[in-house]
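Structure record follows, encoded as structure tokens.
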Amino acid sequence: MDIQRELNKLEEMILDSPRIPLSRRTVVDEEQLLDQLDLVRLNLPTAFQEATEILLHKEEVILEAEQIAQQIIATAEQRAAQILDEMDIVRMAEREAQQIRQQVQQDCELMQQQVMADIDQMRRRAQQELEDMQRSMIAECEDIQRGADDYADRVLSDLEAQFTEMMRVIRNGRQQIQSDSAAKQAEMNSFSRRLQDRLGR
């Protein structure tokens, strides 16, 4: 599985999701996002396992190169043994064997450096991908949290306005009742005084 490709799909999923008007927030399909994250998470161990296998194969490659070098050296020494009677040829064979040894050693060192560089590059790339994915998930969670906070604030603000209006209506109703009650009491007092005046006559 290509981890980079799946991470690109995750990025496209977020970028292609509809945006909330007049804001930088995006509405993301949570189930689809979680499925994609699970797919990446499940396949990350495979990527690390591949890097580990490359590291193990490095030892095999070096061992194989050393075996080849030993075979070349053995061949060179056998050739030198066959021409011991001719000193010039022997010296030439020794120089050739030395050159072969040096060339094989250089080839082995270069191969080892290349293998180590490839492993280090894969490790850095995997680490970078993990860090990028972590930053992306944190940013997405922060956006979702801010969106939830804004929505809750709007709902509470609407409720506050409704309660304020209800309290205004209640206060007006109480004031009206108190005013009506005072007027009725004044009317009753006036009626009582007129009645007493008539009875007094």
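Look at the stretch 135-149: where a residue is in contact (Cβ under 8 Å) with a residue 40 or more places away in the chain and a partner is open to solvent by less than 50 Å² (accessible area, probe 1.4 Å) and assigned to a helix (DSSP H, G or I), sitting 6+ places away or on another chain with Cβ atoms under 7 Å, you get Glu140/Ile14. Look at the stretch 1-22: where a residue is open to solvent by 80 Å² or more (accessible area, probe 1.4 Å) and a partner is part of a helix (DSSP H, G or I), sitting 6+ places away or on another chain with Cβ atoms under 6 Å, you get Met1/Asn43.
The values are calculated or read from the model by the stated rules, or taken from the named source; none is laboratory data. Keep in mind that this is a model prediction, so the values were computed, not measured. Cβ coordinates were reconstructed from backbone atoms using ideal geometry, including for glycine residues, and neighbour counts include every protein chain displayed. Only protein heavy atoms, including side chains, enter the accessible area calculation; ligands, DNA and RNA are left aside. Shrake-Rupley method; radii C 1.70, N 1.55, O 1.52, S 1.80 Å.
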